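The values are calculated or read from the model by the stated rules, or taken from the named source; none is laboratory data. These figures come from a predicted structure and were not determined experimentally. In this analysis, Cβ positions are derived from the backbone assuming ideal geometry, glycine residues included, and neighbour counts consider all displayed protein chains.
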Amino acid sequence: MDYKKEIIKLTANEVLCSLFDVIAPFFEASPIYRKSIGNYRQERSAERSQFLEKIKYLKRRGYIEGFIENKEKFIQLTKTGHERLRELNISNIKFSNPDKWDGKWRLVIFDVPEKKRAERDIFRRKLIDLSFVQVQKSIYIYPFACEKEIENLVFLLGIKQFVLVAVSDIIEGEEKIIEKFIERGIIKSEELL
């Protein structure tokens, strides 16, 4: 494994995520929001040579583009950069389950149209990755609170209007569902006693 490449990837990831931090509040308001490179470097207190190497790396990857305006250098995320940030943010969504199950089920029900098929497929894969159990084609279930994480996920994918999260005390056939969560180590069998 080439450790230098891994370090560059990690530091570039940090720069990319930091750029997202800067742009996030203006994400909806202005698609062309930009940040002065000089101001940004000072805010992050990065060493100039390392910072410029990261910027070059991100430009080569097509994540950012630079330009000069009024004798000042600026950078902004490209469409590819926005897509990569979305991927990183989606991959970072995780649950922190409490020690004991509250006995309630969280159902995620969705009907994402065919024109958003890619987003629907990413959403379905992420639910499976997060250990949801599929109970019907577009209905998944989980035993712990996950509403905030699902809200973040559907926001990032732009499918919020097609997804519903419901909380239920009883699900028909829940014994089989409980067994699946016990097999996966999500619910502990001693919690059910």
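Structure notes:
- Condition met for Arg48 (charged (D, E, K, R) and at pLDDT below 85): yes
- Residue list for the range 98-110, restricted to those being under 20 Å from the mean Cα position of the chain (by Cα) and either of a type in the set (D, E, K, R) or exposed (fewer than 15 other Cβ atoms within 10 Å of the Cβ) (or both): Arg106
- Condition met for Phe74 (more than 23 Å from Ile187 (Cα to Cα), surrounded by 12 or more Cβ atoms within 10 Å (Cβ to Cβ), of a type in the set (A, V, I, L, M, F, W, C) and at pLDDT 95 or above): no
- Qualifying positions in the range 111-124 - surrounded by 15 or more Cβ atoms within 10 Å (Cβ to Cβ) and hydrophobic (A, V, I, L, M, F, W, C): Val112, Ile122, Phe123
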